[in-house]
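Comments concern the structure below.
Only the coordinates and a few stated rules stand behind these numbers; no lab work does. Computed from a prediction, not measured in an experiment: that's the story for all the values here. With ideal geometry, Cβ positions are generated from the backbone for all residues, glycine too; neighbour counts draw on all protein chains shown.
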Amino acid sequence: MNQEKKLKIQLMVSLLTAIILVGTATGLALYYIFPEYWFRWYPLIPSYFVLLGLIISIGMNYCIKREPRKIISAFIMMRGIKIALTLVGFLLYYCLVNENTTEAALLTCGFYFLYLFVETYLLYRFEKANKQTHKRDV
């Protein structure tokens, strides 16, 4: 397995691990320390972001293979899709469940911003490593 492929897998695993760890820690804190804010639909939020992370990682890998020079455009497009899906998902939650909507909205926003931060950092690391690889090849 080449170094670029290893880095992609490492970055994807890092993103998913961060979401799972923060999701578990937040869930435990809500359940045991702040039980008044716990709601039974909470596990959907980190699960959604883990699933979204997998889908976007697969999409980004596909874009990288087809058009490696357009990775930034693909990244921006994926961010637009991600915010649209997150808004639609929350609106569905609001219309169908309508339970603890304030807590759900705050937690969804928190996870969204955590996801953006981690994803941006990982893309930065990937691009930095990618540039170093291309400098060695030239």
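Express the relative contact order of the stretch 3-137 as a whole percentage, based on alpha carbon pairs under 8 Å and six or more residues apart in sequence.
This gives 35 percent for the stretch 3-137.
Which value, in Å to one decimal place, does the Kirkwood hydrodynamic radius take for the stretch 76-138 when every pair of different Cα atoms is included?
On the way: mean 1/r = 0.0717 Å⁻¹.
One decimal place: 13.9 Å for the Kirkwood radius.
Would you mind calculating the gained length between K65 and V97 on full extension (0.36 nm times residue separation, minus the Cα-Cα distance), in nm to one decimal?
Value of the extension gain: 7.5 nm.
Sticking with the crude label model, points 7 Å out along Cα→Cβ, report the distance from K135 to L116 in nm, one decimal please.
About 3.0 nm, to one decimal.
Report the Cα centroid-to-centroid distance between the stretch 90-135 and the stretch 32-66 in angstrom, as an integer.
Cα centroid of the stretch 90-135 versus Cα centroid of the stretch 32-66: 8 Å apart.
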